[in-house]
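Inspection log for the structure reproduced underneath, given as structure tokens.
Derivation of every value follows stated rules applied to the coordinates shown; laboratory data play no part. This structure is a prediction, so every number in the text was calculated from the model and none was measured. Backbone-built Cβ (ideal geometry, glycine too); neighbour counts: all protein chains shown.
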Amino acid sequence: MNNASFKQHIKSRTHKDFIENYKKYYKEVDEAQDTIKQLRTELELLKRKNTSLKNQNMKLLEIIEDMNDEDNFEDCL
Ligand SMILES: [Zn+2]
């Protein structure tokens with residue numbers, strides 16, 4: 001393609017549509033990447049919270065176990 005026909009081509013509807021779609025495509029890719037980053041951060045925080053809740057749950061189960069332990073049982077008599 002020579003210079004003159006390239007200049008002609010870039011004014012064409014086909015080329016303008018291509019550029020528009022290209023921009024739109026990269027805008028969507030950028031947005032998708034932002035979403036992924038955001039979700040990864042959220043996932044990391046939820047993993048930490050889950051670990052913390054598991055530990056808390058384990059401690060509470062131990063307390064319940066101790067409370068149910070016969071040796072610790074105090075009758076009202
Ligand atoms: Zn083109």
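Does segment 24-37 contain at least one residue that is of a type in the set (D, E, K, R), within 16 Å of the ligand (Cβ to nearest atom) and free of Cβ contacts under 8 Å to residues at least 12 places away in the same chain? Within segment 24-37, one or more residues are of a type in the set (D, E, K, R), within 16 Å of the ligand (Cβ to nearest atom) and free of Cβ contacts under 8 Å to residues at least 12 places away in the same chain.
Residues checked against (1) within 16 Å of the ligand (Cβ to nearest atom); (2) exposed (fewer than 10 other Cβ atoms within 10 Å of the Cβ):
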site: MET1; (1), (2): yes, yes
site: ASN21; (1), (2): yes, no
site: THR51; (1), (2): no, no
site: ASP69; (1), (2): no, yes
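Is there any pair linking a residue in segment 54-70 that is of a type in the set (A, V, I, L, M) to one that is surrounded by fewer than 10 Cβ atoms within 10 Å (Cβ to Cβ) and not in a helix (DSSP H, G or I), with Cβ under 9 Å and at least six apart or on different chains, and which? Note: pairs meeting the criteria are MET67/PHE73. Only one residue in GLN56, GLN8 is within 16 Å of the ligand (Cβ to nearest atom) and part of a helix (DSSP H, G or I), so which one is that? Among GLN56, GLN8, only GLN8 is within 16 Å of the ligand (Cβ to nearest atom) and part of a helix (DSSP H, G or I).
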